[in-house]
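Q: Mind looking over this structure? Questions follow.
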Amino acid sequence: GTVTGVQTCALPISLQWLGKSRQFIDMALTEIRNISHRLAPAFFDSSTLEDTFNELIEDFNVEKKYEVAVRMEVNEPRMKQRKDLQLNLYRILQEQMRNIIKYAKATSISIELTEENDMFVFSIIDDGIGFDPNKTSKGIGFANMKRRAELFNGTLELISAPGDGCQLIVRIPSVH
């Protein structure tokens, strides 16, 4: 009697735990999805990539310390279809703006996204103090930007020298 009592009790409890676990996992996934959407910039709704870039620059340039020029010459409908690429370009810009503000002592920044020979060319150029890329350790931010470019079979090039500003150039195939 007691043995079967234990067995019949055990199954419903484990099923209960299974059900609860599923519930918690679903709740966690929903929460992660909500957080991700909140972290994604405005262009996921309706704005163009250029608008989103300008918004980001405004946030970084509140005190108007930098003269910033943005030039975009890309096929807008084609770019609109590539939300993942847009988000990664946005994150690269965000990271490089952080670097410029933290280290560069720049006064002007030029941001360009153009399309040439089936390649998106994204460049962020500042007139700051520059650095020797061989001597300066490239941190996690650089590794992340490089990885973001490589996700799209692209390359990331960093050109700088002491006293000579910095150029970050990302090239990504526009046809995938």
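The values are calculated or read from the model by the stated rules, or taken from the named source; none is laboratory data. Not measured: the values here are computed from a predicted model. Here Cβ is always computed from backbone atoms with ideal geometry, including for glycine, and neighbour counts include all displayed protein chains. Just so you know, the surface numbers come from the protein's heavy atoms only, side chains and all, with ligands and any DNA or RNA stripped out. Shrake-Rupley method; radii C 1.70, N 1.55, O 1.52, S 1.80 Å.
Q: Compute the long axis of helix 49-60 from its Cα atoms, compare it with the longest principal axis of the Cα atoms of the chain, and write down the angle in degrees, 0 to 90, nearest 10.
A: Here the helix axis deviates by roughly 80 degrees.
Q: Using a basic spin-label model with each label point 7 Å from the Cα along Cα→Cβ, how many nm lie between Asn117 and Glu58?
A: 3.8 nm
Q: Angle, helix 2-39 long axis vs. longest principal axis of the chain, Cα atoms, 0 to 90°, nearest 10?
A: 20 degrees
Q: FRET efficiency for Lys102 and Val175, Cβ-Cβ distance as r, R0 = 41 Å, nearest 0.05?
A: On the way: r = 36 Å, r/R0 = 0.87.
FRET efficiency, Lys102 to Val175: 0.70.
Q: Keeping every protein chain in place, order Ser110, Ser14 by accessible area at 1.4 Å, biggest value first, i.e. largest first.
A: Ser14, Ser110
Q: Where the only charges are on Cβ atoms (+1 Lys, Arg; -1 Asp, Glu), what is the dipole of the chain about its Cα centre, to the nearest 20 debye?
A: Its charge dipole is roughly 900 debye.
Q: What is the extension gain from Arg22 to Gln81, computed as 0.36 nm multiplied by their sequence separation minus the C-alpha to C-alpha distance, in nm to one decimal?
A: Details: separation 59, 0.36 × 59 = 21.24 nm, distance 3.41 nm.
Contour length minus Cα-Cα distance gives 17.8 nm.
Q: Same structure, new question: For a quick check, take a GNM of the chain with Cα springs below 10 Å and name the residue from Val62, Val70, Val121 with the largest mean-square fluctuation.
A: Between Val62, Val70, Val121, it is Val62 that shows the largest mean-square fluctuation.
Q: Using a probe of 1.4 angstrom, how much of the accessible area of region 34-171 is carbon and sulfur, in percent?
A: C and S fraction of accessible area: 48 percent.
Q: So which of Lys83/Lys105; Lys64/Lys138; Lys80/Lys102; Lys64/Lys146; Lys102/Lys135; Lys80/Lys138 end up more than 25 Å apart by C-alpha?
A: Lys83/Lys105; Lys64/Lys138; Lys80/Lys102; Lys64/Lys146; Lys80/Lys138
Q: With every protein chain present, what accessible area does Asp26 have (1.4 Å probe, heavy atoms only), rounded to the nearest 10 Å²?
A: Rounded to the nearest 10, the figure is 90 Å².
Q: Compute, for Thr155, the solvent-accessible surface of its heavy atoms (probe 1.4 Å) with the complete set of protein chains present, and express it in square angstrom to the nearest 10.
A: That residue has around 80 Å² of solvent-accessible surface.
Q: Using a 1.4 angstrom probe and counting only protein chains, how large is the accessible area of Glu58 in Å², to 10?
A: Approximately 100 Å² for this residue.
Q: Viscosity 0.692 mPa s, temperature 37 °C: what is the translational diffusion coefficient of the chain from Stokes-Einstein with a Kirkwood Rh over Cα pairs, rounded to a whole number of µm²/s?
A: 173 µm²/s
Q: Could you tell me which of Phe131, Met119, Ala143 has its Cα farthest along the dipole of region 60-162 towards the positive end, charges placed at Cβ (Lys, Arg +1; Asp, Glu -1), taken about the Cα centre?
A: Of the listed residues, the answer is Ala143.
Q: Still on this model: Note the angle between two axes, namely the Cα long axis of helix 83-99 and the longest principal axis of the Cα atoms of the chain, as a number of degrees from 0 to 90, rounded to the nearest 10.
A: On a 0 to 90 degree scale, this one is about 60.
Q: Separate question: Pick out, in residue order, every one of the trypsin sites (Lys or Arg not before Pro) in region 43-143 that is DSSP loop and has at most 15 other C-beta atoms within 10 Å; say none if there are none.
A: Counting only loop positions with at most 15 other Cβ atoms within 10 Å, the trypsin sites (Lys or Arg not before Pro) in region 43-143 are Lys64, Lys65, Lys105, Lys135, Lys138.
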